[in-house]
1. Could you pull out the residue among Val64, Val58, Val89 that is in contact with a strand residue (DSSP E or B) (Cβ under 6 Å, 6 or more places away or on another chain) and more than 28 Å from Asn157 (Cα to Cα)?
2. Kindly provide the set of residues from segment 172-219 that are under 28 Å from Ser94 (Cα atoms), polar (S, T, N, Q) and outside any loop (DSSP other than H, G, I, E, B), ordered by number.
3. Which of the residues spanning segment 76-97 are under 23 Å from the mean Cα position of the chain (by Cα) and over 24 Å from Leu136 (Cβ atoms)?
4. For segment 360-400, give me each residue that is surrounded by fewer than 24 Cβ atoms within 10 Å (Cβ to Cβ), of a type in the set (D, E, K, R) and under 18 Å from Ser325 (Cα atoms).
5. Would you confirm, using the coordinates I've provided, whether Val217 is in contact (Cβ under 8 Å) with a residue 12 or more places away in the chain and closer than 23 Å to Ser395 by Cα?
6. Return the only residue of Ala162, Ala128, Ala138 being touching a strand residue (DSSP E or B) at 6+ places or on another chain (Cβ under 9 Å), at pLDDT 95 or above and surrounded by 24 or more Cβ atoms within 10 Å (Cβ to Cβ).
7. For segment 359-368, indicate whether the set of residues that are touching a residue at least 40 places away in the same chain (Cβ under 8 Å) and touching a strand residue (DSSP E or B) at 6+ places or on another chain (Cβ under 6 Å) is non-empty.
8. Of the residues Lys237, Lys262, only one is more than 22 Å from Gly378 (Cα to Cα) and within 23 Å of the chain's Cα centre (by Cα); which?
Amino acid sequence: MARSLVLVFLLAVSLSGVAIHRSRAQGQSTPAPAPARNDYSKAETWLCRPGRHDACDVDMTTTVIAANGKLTKETWSADPKTPIDCFYVYPTVSTDQSGNSDMTANTEELNVIRAQAARFGSQCRVFAPLYRQVTLVALRAILSGRTMSVDRALGYNDVLDAWDYYLQHDNQGRGVVLIGHSQGSGVLTELIKNEIDGKPVQSRIVSALLLGTSLAVPKGKDVGGAFRSLPLCRSAKQTGCVVTYASFRSNVPPPVNSRFGKVAGENMVSACTNPAALAGGSGELHAYLSNGFGVIASEGPPKAWLNPPQSIATSFVSVPGLLTSECVSNEKGSYLAITVHGDPNDPRTDDIPGDVMREGVVQADWGLHLIDVGVAMGNLIDIVHEQSKVYGAKSKKATD
């Protein structure tokens, strides 16, 4: 049986409901020896670092598909002279059979870097540590109630060590954007709470992009809840703020059993900032979607982007004018509603892939979790670009 879309990110957010500082899963009775700490001075502990050929040094050429079916190529290049950094923590992708992943980068880690991190290299130096995350196998066990040895703190402590190493040896006072998705967002949320929020290093945070997660804020407020002093971003010219959302199709809103869109706590809601319109309302999404190169497994051949089908050689496609988004808050939750504006009279596809599937059935409780990042990648890049300029201007003024 073909593997479903759930292969790559299945169960990716279950960590949001558990305390990651617990070192052992329930049912493990004998304390295990403390695992050795990673040495982040070693090159192999990083998926991406500036100035080398690694997971971020990949071809990001994109085929732009116009509504009339015209195809054009969009090239891309990293900017080694960009003035800010990005620190990226990837989502649950490891297919290792243990409770925690090892420190060997497999296809899954390399592909998610290509899908979610490398493109930011046009705006920032990208730092992406390997970490011993909770694996897909472990998360399946957790949700099914089975006992499995899992160190929930291990991945967090790895990222903390990588962050400390970065600050001590690489940052040199530069502004930094924190970027995470799913489990990566959960780890970064804890890092911000414990190591950044209200501390001097907060002044170096250009923004935090915490995607595919449920981040608590008081209803009607932009700050409080998860963080004491980092507000939600309401403008691309605002720095020191958070962009966060979980995406669902506008015509398939979160069901009662949704894994996103709701948080615990009286008068608390799940934060939503629309990357296509931070100030509010609807906006056009600038998506960079996979052309079936392996980041997202499917139950069959990739959906054709055109009718009649045409061969598209690039790993990414962009579909201008096809997608819009808007933050919605109602009895179903608070989430980013994605609308597909397909036209049956033009040759371009009237839909996009991205639903979590299991045996051919859409799992509505996951929404469009698989493409939380890609569906708004161009918008996120634009936000970071503007924030970098504002941050740079503020830094220059402070030193004059």
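1. Numbers: Val58 fails: in contact with a strand residue (DSSP E or B) (Cβ under 6 Å, 6 or more places away or on another chain); Val89 fails: more than 28 Å from Asn157 (Cα to Cα).
None of the others qualify; the one that does is Val64.
2. Residues of segment 172-219 that are under 28 Å from Ser94 (Cα atoms), as a first pass: 176-196, 207-216.
Still in the list and also polar (S, T, N, Q): 182-183, 185, 189, 194, 207, 213-214.
If the condition is that a residue be under 28 Å from Ser94 (Cα atoms), polar (S, T, N, Q) and outside any loop (DSSP other than H, G, I, E, B), then Gln183, Ser185, Thr189, Asn194, Ser207 are the ones that fit.
3. Let us first name the residues in segment 76-97 that are under 23 Å from the mean Cα position of the chain (by Cα), namely 76-80, 82-96.
The answer is Trp76, Ser77, Ala78, Asp79, Pro80, Thr82, Pro83, Ile84, Asp85, Cys86.
4. Asp382
5. Details: in contact (Cβ under 8 Å) with a residue 12 or more places away in the chain: yes; closer than 23 Å to Ser395 by Cα: no.
The answer is no for Val217.
6. Values: Ala162 fails: surrounded by 24 or more Cβ atoms within 10 Å (Cβ to Cβ); Ala138 fails: at pLDDT 95 or above.
On inspection, the qualifying residue turns out to be Ala128.
7. Pass one, segment 359-368, residues touching a residue at least 40 places away in the same chain (Cβ under 8 Å): 359-360, 362-368.
Pick out the ones that are also touching a strand residue (DSSP E or B) at 6+ places or on another chain (Cβ under 6 Å) and you get 367-368.
The answer is yes, given that some residue of segment 359-368 is touching a residue at least 40 places away in the same chain (Cβ under 8 Å) and touching a strand residue (DSSP E or B) at 6+ places or on another chain (Cβ under 6 Å).
8. Values: Lys237 fails: more than 22 Å from Gly378 (Cα to Cα).
After ruling out the rest, the residue left standing is Lys262.
The values are calculated or read from the model by the stated rules, or taken from the named source; none is laboratory data. Since the structure is predicted, the reported quantities are computational estimates derived from the model, not experimental observations. Counting neighbours? That spans all protein chains shown, and the Cβs are built from the backbone with ideal geometry, glycine included.
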